[in-house]
Number of protein chains: 4
Amino acid sequence: MRKIIIGVMGPGEKAKETDLQNAYELGKIIAQQGWVLLTGGRNVGVMDAASQGAKSANGLTIGILPNDKANGISEAVDIAIFTDMGNARNNINILSSHVVIACGMGAGTASEIALAVKGNKKVILLTDDVESQVFFPKLSPENVYIADSVEDVINTAKSIVDSN
Amino acid sequence: MRKIIIGVMGPGEKAKETDLQNAYELGKIIAQQGWVLLTGGRNVGVMDAASQGAKSANGLTIGILPNDKANGISEAVDIAIFTDMGNARNNINILSSHVVIACGMGAGTASEIALAVKGNKKVILLTDDVESQVFFPKLSPENVYIADSVEDVINTAKSIVDSN
Amino acid sequence: MRKIIIGVMGPGEKAKETDLQNAYELGKIIAQQGWVLLTGGRNVGVMDAASQGAKSANGLTIGILPNDKANGISEAVDIAIFTDMGNARNNINILSSHVVIACGMGAGTASEIALAVKGNKKVILLTDDVESQVFFPKLSPENVYIADSVEDVINTAKSIVDSN
Amino acid sequence: MRKIIIGVMGPGEKAKETDLQNAYELGKIIAQQGWVLLTGGRNVGVMDAASQGAKSANGLTIGILPNDKANGISEAVDIAIFTDMGNARNNINILSSHVVIACGMGAGTASEIALAVKGNKKVILLTDDVESQVFFPKLSPENVYIADSVEDVINTAKSIVDSN
């Protein structure tokens, strides 16, 4: 039977230290909830940190890779899905997640939040980027949540999962 | 030899009257410049208005459709490319455009601006949405331009095309 | 750490009884080997039968869906990946599989075998369709294997997995 | 108004001399009919030859590229659509063509024929590969045509276009 998948999106090479810490913690708690973690699968930034966190709690991790080759995958990814479709794979990330969490901000992450809203998915933002906290909720008040801590993210995710 | 393609992105069903007028005007001037117009191809909103504008000046129009069927295409589209990949086709829109113009704002448009920045494409915003005018230039000061009129958009597009 | 994924491809609505029996048996043995099963994820034909077989042996099952909605998914799919890209998702199926097994024959299956060959993946054919047994090995003698039983498929898959 | 697009698919680097000659001739006559030519867009093999042929008769040529960069494009392509989705772009090739012509045979071409059949498109085969002439018509007697000359292809294409 279909498992609950929670997507954690965020910057790769340019992730901040806070984003990495949050991502690790998010991955860990997602695993502890019995949820499956989905990320962009690469061995950098938020993707890697979240996957490492999930594995620290024996979770199951999926990586949706932009390329077609095994190099560059996070070692903490269990299930590697190779799309070979570059950034267009961001749409698969959000369509496959019951809840999307944006941890940090960047161009790829912004595209995922926008695609999530377009696809009518719930997105939770955990970031200190003030402009994004203003822009996205206005774009879709009903789909975008602003969280101020990992705990807040998880509580919001739980209530979204429970209401589905 | 490869023609210059200018992409005009913007809301569909939810486009404002000003966006539609701007889109029509943009399409017309793009055609007059000898450029090819690329849009999302549907028969609504900015896509349709820009395509109509381009045809009014005998331009060539391309529509990158999200579905696989001929229904719902703008009658002003000459070349219909069917992707059957939903919103993931937004990435093709921006990769295929020499310059991307965002005319108005919405979730799909926001995803295209973000994907353009991610793909290192130049994007020109023509919108009265103040929050997007703050968010996107901060995301990428080097790739995002804010324009305040159709004329301003075209002048910026010209200088980008000329510098390539 | 990345798990071994074996893809089982085959007809949906038009699958023959033999294909369904083979698919169930393949899914079961794949799970018993400790491998993860990947299919097209729908609740019909070879996809469904293979997934049911894998679950009968407590395996992990992934479904790469052509659409973006939860309806039509096999109940035996654990991890549902929604691509919303129609038949273009066939390329993801083969890129994500360490070994591709074609169980039965049809247009979608033929596209997957061809894409596998194009992507330099090993494919094992288990089908009574004689013409495909002639066409595909000629297309790529080094990538296409013809098997005459489920046992033969699994032995070939093992040797491919071991040699990687 | 939407133009008629004819897709010519065939091998790249491995194309035979006969395939190249046929492709050039096909491109030329397609242009003379007032149809738009669609190919995979690269500067090799059947894609390049067909595009060159179309340009020799002042036709309009579209290339659906597998990558995201301007290098490797046929100089005879007018409209370059960058998909950055590798072989999955083959599905866009066939969905966007009113009629698909397979000129020569190879793994990529075989995937396009199979995807065309799956997508219920008409495909005309012009190849000396005997096995494909047996396999594909059996896969779909109603969608696959075997032609024995460029003239035969064009006559068949005309009757398909006229009947739509």
| query | Any idea how many residues of region A:37-58 are in contact with a strand residue (DSSP E or B) (Cβ under 9 Å, 6 or more places away or on another chain), within 17 Å of C:Leu60 (Cβ to Cβ) and surrounded by fewer than 24 Cβ atoms within 10 Å (Cβ to Cβ)? | reply | 1
| Among the residues of region C:68-75, is there at least one that is hydrophobic (A, V, I, L, M, F, W, C) and surrounded by 24 or more Cβ atoms within 10 Å (Cβ to Cβ)? | no
| Flag if A:Asn143 is out of contact with any His (no Cβ under 7 Å at 6 or more places or on another chain) and closer than 26 Å to C:Asn93 by Cβ | no
| task | Identify, from the list D:Val130, D:Val161, D:Val100, D:Val150, the residue that is of a type outside the set (Gly, Ala, Ser), within 18 Å of D:Ile62 (Cβ to Cβ) and surrounded by fewer than 21 Cβ atoms within 10 Å (Cβ to Cβ). | result | D:Val161
| C:Ile160 vs. criteria more than 22 Å from D:Lys121 (Cα to Cα) and either small (Gly, Ala, Ser) or not in a helix (DSSP H, G or I) (or both) | no
| task | Filter region A:63-85 for residues that are away from chain D (no Cβ under 14 Å), within 17 Å of A:Gly45 (Cα to Cα) and of a type in the set (Val, Ile, Thr) and give the result. | result | A:Ile73, A:Val77
| Test: C:Ala157 is over 22 Å from C:Tyr24 (Cβ atoms), more than 14 Å from chain D (Cβ to nearest Cβ) and of a type in the set (Gly, Ala, Ser) | no
| Residue check for C:Gly34: closer than 18 Å to C:Val99 by Cβ, surrounded by fewer than 19 Cβ atoms within 10 Å (Cβ to Cβ) and over 11 Å from the mean Cα position of the chain (by Cα) | yes
| task | Scan region D:60-117 for residues that are more than 19 Å from C:Gly108 (Cα to Cα), polar (S, T, N, Q) and modelled with pLDDT of 95 or more and jot them down. | result | D:Thr61, D:Asn67, D:Ser74, D:Thr83
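To keep it simple, each residue is scored yes or no on (1) in a helix (DSSP H, G or I); (2) in contact with an Asp or Glu (Cβ under 9 Å, 6 or more places away or on another chain).
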residue: A:Asp48; (1), (2): yes, yes
residue: A:Ile64; (1), (2): no, no
residue: A:Asp68; (1), (2): no, yes
residue: A:Asn71; (1), (2): no, no
residue: A:Glu75; (1), (2): no, yes
residue: A:Ala88; (1), (2): yes, yes
residue: A:Asn93; (1), (2): yes, yes
residue: A:Val100; (1), (2): no, yes
residue: A:Ala110; (1), (2): yes, no
| said: If I ask for residues that are farther than 23 Å from B:Leu38 by Cα and facing another protein chain (nearest Cβ under 9 Å), which ones from region B:130-139 would you list? | reply: B:Glu131, B:Val134, B:Phe135, B:Lys138, B:Leu139
| note | Flagged in region B:1-29 as of a type in the set (A, V, I, L, M) and in contact (Cβ under 8 Å) with a residue 60 or more places away in the chain, in numbering order, are B:Ile4, B:Ile5, B:Ile6, B:Val8, B:Met9, B:Ala15, B:Ala23, B:Leu26, B:Ile29
| field | Members of region A:1-19 that are within 12 Å of another protein chain (Cβ to nearest Cβ), hydrophobic (A, V, I, L, M, F, W, C) and assigned to a loop (DSSP other than H, G, I, E, B) | value | A:Met1, A:Ile4
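Yes or no, residue by residue, for (1) touching a helix residue (DSSP H, G or I) at 6+ places or on another chain (Cβ under 8 Å); (2) at the interface with another protein chain (Cβ under 7 Å from one of its Cβ atoms); (3) touching a residue at least 12 places away in the same chain (Cβ under 8 Å); (4) not polar (S, T, N, Q):
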| residue | (1), (2), (3), (4) |
| --- | --- |
| D:Ala107 | yes, yes, no, yes |
| D:Glu112 | yes, no, yes, yes |
| D:Leu125 | yes, no, yes, yes |
| D:Pro141 | no, no, no, yes |
| D:Glu151 | no, no, no, yes |
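The values are calculated or read from the model by the stated rules, or taken from the named source; none is laboratory data. Keep in mind the model is a prediction, meaning the values are calculated, not measured. We place every Cβ from the backbone using ideal geometry, glycine too, and count neighbours over all the protein chains shown.
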